[in-house]
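Inspection log for the structure reproduced underneath, given as structure tokens.
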Amino acid sequence: MIEKRSSRYRWYLLALIILIYSVITGLDRMCMPVLFKEISDDLSLSIVAIGGVWGADPLAGIIIGLPGGLLADRFGVKRTMTIICILAAVFGALRGFSINFLTMAATMFLFGLMAAATPSIVPKMTAEWFSPKQLGMANALVNVGWSVFSMTATTLSATVISPAIGGWRNVMFLYAVPTMILGLLWLVTGRAPKKHELQDTSVVSPPPFRQSLAHVLRMKEVWIIGLINLTNWGANMGVVGYLPLYLRDLGWTPASADNTITVIGGVAMIGAIPMVMIAERTSRRAVLVLSLVSLAVTIGLIPLVHGSTIYVLIAFGALMRSGTTALFTVMIFETKGVGSAYGGTAIGLANSMGMLGAFISPPLGNSLTSAGASTPFYFWGALAAAGLPLLYMTKNEQARTT
């Protein structure tokens, strides 16, 4: 009976963490690209300034990614996630009070601190509650949830919700509400696994900060995955922030331009679980190579195709790379010496490097529009391709335990 109750609670907790992750990093964050046109008109921001605003979020990730993981390893998921949810709601709402570039970038940075810390903490929870055989699927479900809320944000935020409630500022205020509610629900119902529920039995007590940091910094595998994140996240972040603006300038309707980002989220939702299952039953490296090649090629081809072909292109690219986040997360946790004890710190390091790429890439790519509106896509395609040789440096061991 105890085991059944623990099993039910484990799945409840996964559902709750999926909602938290999806609302903060999907709904609250992904509403921004489709609202940038309205925001830029209201605040008189240039295309480069918009790139800077969009880059302020990952800039925060560079700073908080590793400390966020350290905090989760030291103080546990419950306390850390509760604070993140409440502050994400507050800082997300503050974006609605922005009056110029500086205030918009500053509030995006503050919100980004919370949004960027979330991916460092969520995988630690799944590693604590789910066995190695279930870990890939649990993380894939997290990504599916993100896709659903990301699609909601990109489909409705600019063309439906903003006109209905009086503009982009009220969208910021509205989206803060579910974030706050989920934070309070996590505070009341969330908890750490008991000894008999803990999947990683090597965890005895939380390691000190210095021990966690020193231990993880010596791990070559984590650094390599972090560098791949840098190229991958940088390319993705640049394209997502620029593509709707690019298509609107080509004469697309706002809804059609925004829906390209929705397609990315929708296809990622469909493909996440199958891609993880294929990788686990065949070869992770083969699937990840296909993902990185597809990302680079599809981004580079965007300026060369027209009309509905763009939807087909980005849908194919999104499908091929839909399982990458879950796969890299599992690879980090399965690295010898990581496990759930040091998982938050290891994920935090890899994510911080990814956020570095996501911070640099949007304004740098947007600045290349002076050489032509298509030039940023070639830059981001090349950046994505740069992660391919790094992938061959990973050990690619399957079903490894610590």
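The values are calculated or read from the model by the stated rules, or taken from the named source; none is laboratory data. A quick note: this is a predicted structure, and the numbers were derived from the prediction, not measured. Every residue, glycine among them, receives a Cβ derived from its backbone with ideal geometry; neighbour counts consider all protein chains shown.
Residue check: is VAL289 closer than 23 Å to ILE224 by Cα and either more than 20 Å from the chain's Cα centre (by Cα) or of a type outside the set (Ser, Thr, Tyr) (or both)? Judged against the criteria, VAL289 is a match. Taken together, ILE360, ILE347 contain a single residue that is crowded, with 24+ Cβ neighbours inside 10 Å, among the β-branched types (Val, Ile, Thr) and part of a helix (DSSP H, G or I), which is ILE347. Yes or no: LEU319 hydrophobic (A, V, I, L, M, F, W, C) and surrounded by 18 or more Cβ atoms within 10 Å (Cβ to Cβ)? Criteria met by LEU319. Looking only at region 123-177, count every residue that is more than 15 Å from SER22 (Cβ to Cβ), in a helix (DSSP H, G or I) and of a type in the set (Ser, Thr, Tyr) and tell me the total. Final tally of qualifying residues: 2. The residue pairs whose first member lies in region 347-364 and is within 12 Å of PRO119 (Cβ to Cβ), whose second member is part of a helix (DSSP H, G or I) and basic (Lys, Arg), and whose beta carbons are closer than 9 Å, counting only pairs six or more residues apart or on different chains, are ILE347/LYS124.
Can you spot a residue in region 237-245 that is surrounded by fewer than 22 Cβ atoms within 10 Å (Cβ to Cβ), over 20 Å from SER361 (Cβ atoms) and hydrophobic (A, V, I, L, M, F, W, C)? So far as region 237-245 goes, no, none of its residues is surrounded by fewer than 22 Cβ atoms within 10 Å (Cβ to Cβ), over 20 Å from SER361 (Cβ atoms) and hydrophobic (A, V, I, L, M, F, W, C). Here region 225-260 is the region considered, the condition is being of a type in the set (Phe, Trp, Tyr) and touching a residue at least 24 places away in the same chain (Cβ under 8 Å), and the residue that is nearest to TYR392 (Cα to Cα) is TRP233.
THR282 meets the conditions (1) within 19 Å of GLU334 (Cα to Cα); (2) buried (at least 19 other Cβ atoms within 10 Å of the Cβ) in every case but one. The failed one is (2).
Being within 19 Å of ALA384 (Cβ to Cβ) and not hydrophobic (A, V, I, L, M, F, W, C) is the filter; apply it to region 245-285 and report the residue that is modelled with the lowest pLDDT. For region 245-285, the residue satisfying everything is GLY265.
Can we say VAL338 is in a loop (DSSP other than H, G, I, E, B), among the hydrophobic types (A, V, I, L, M, F, W, C) and either surrounded by fewer than 22 Cβ atoms within 10 Å (Cβ to Cβ) or in contact (Cβ under 8 Å) with a residue 60 or more places away in the chain (or both)? So VAL338 passes the test. Counted as qualifying within region 1-111 are the helices (runs of 4 or more DSSP H) with 2 or more residues that are within 30 Å of THR369 (Cα to Cα), modelled with pLDDT under 95 and touching a Phe, Trp or Tyr at 6+ places or on another chain (Cβ under 9 Å), namely 29-43, 47-75. Restricting attention to region 364-382, the residues that are part of a helix (DSSP H, G or I) and either at pLDDT below 90 or not aromatic (Phe, Trp, Tyr) (or both) total 12.
Do we have THR309 as polar (S, T, N, Q) and crowded, with 23+ Cβ neighbours inside 10 Å here? No; evaluated as a whole, the condition is false for this residue. Whenever a residue of region 150-179 is within 11 Å of LEU27 (Cα to Cα), its partners that are of a type in the set (D, E, K, R), lying with C-beta atoms within less than 7 angstrom and at least six residues away or across chains, give the pairs THR154/ASP258; MET172/ARG95; TYR175/ASP28; THR179/ASP28.
Being of a type in the set (A, V, I, L, M, F, W, C) and under 15 Å from ALA255 (Cα atoms) is the filter; apply it to region 145-163 and report the residue that is modelled with the highest pLDDT. Selected residue: ILE161. Of all residues in region 329-355, those satisfying the criterion of being of a type in the set (Val, Ile, Thr), more than 14 Å from the chain's Cα centre (by Cα) and at pLDDT below 80 are VAL330, THR335, VAL338, THR345.
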